[in-house]
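Engineer: My questions all concern the structure below.
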Amino acid sequence: MKKRNFIRVCGNDIEIIYSDPQAWAHGAMGRSDVLKGEILIRHDLEADQAASTTIHEVIHLILDGIGQYQASQDEVFVSSFAAAWTAFLRDNPNRLAAWREVWEITP
């Protein structure tokens, strides 16, 4: 059974699907497709790796959504940015909690 959940990126509803990457490139951990409205994450990743891979794929979608296609195709850039953003999110839980209160987002 696949785990599923949804997020919103640049005004688009995106389904996160944890699946078997049978037809993916060797060693791939994730893929995103704004036209299909989905992010595919390799189902057998550890939780931390799945989270960082999801952030990596979200960055692709954001860059595509703002017309930065060349940056989105630069895997070194996307990977570096994703690692930095993942670290920021992990290192600032109190700030994230405060923002949730400001935006009235319930967990």
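Engineer: Is there a residue being assigned to a loop (DSSP other than H, G, I, E, B), more than 13 Å from the chain's Cα centre (by Cα) and at pLDDT below 95 anywhere in the range 68-86?
Structural biologist: No, the range 68-86 contains no residue that is assigned to a loop (DSSP other than H, G, I, E, B), more than 13 Å from the chain's Cα centre (by Cα) and at pLDDT below 95.
Engineer: What number of residues within the range 6-61 are surrounded by 15 or more Cβ atoms within 10 Å (Cβ to Cβ), in contact with a helix residue (DSSP H, G or I) (Cβ under 9 Å, 6 or more places away or on another chain), of a type outside the set (Val, Ile, Thr) and not in a strand (DSSP E or B)?
Structural biologist: 8
Here's the yes/no breakdown for (1) farther than 27 Å from residue 96 by Cα; (2) among the small types (Gly, Ala, Ser):
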{"residue": "11", "(1), (2)": "no, yes"}
{"residue": "21", "(1), (2)": "yes, no"}
{"residue": "38", "(1), (2)": "no, no"}
{"residue": "41", "(1), (2)": "no, no"}
{"residue": "49", "(1), (2)": "no, no"}
{"residue": "56", "(1), (2)": "no, no"}
{"residue": "64", "(1), (2)": "no, no"}
{"residue": "67", "(1), (2)": "yes, yes"}
{"residue": "73", "(1), (2)": "yes, no"}
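Engineer: Here's a follow-up. Could you grab the pairs with beta carbons closer than 9 Å, sequence gap of 6+ or different chains, first residue in the range 80-104 and over 16 Å from residue 59 (Cβ atoms), second one outside any helix (DSSP H, G or I) and aliphatic (A, V, I, L, M)?
Structural biologist: Sorted first by the residue in the range 80-104, then by its partner, the pairs are 99/105.
Engineer: Which residues, counting only those in the range 62-89, are touching a helix residue (DSSP H, G or I) at 6+ places or on another chain (Cβ under 8 Å) and aromatic (Phe, Trp, Tyr)?
Structural biologist: 69, 77, 81, 85
The values are calculated or read from the model by the stated rules, or taken from the named source; none is laboratory data. Worth saying up front: this structure is predicted, and the values here are computed from it rather than measured. Using ideal geometry, Cβ is built from the backbone for each residue, glycine included, and neighbour counts are taken over all protein chains shown.
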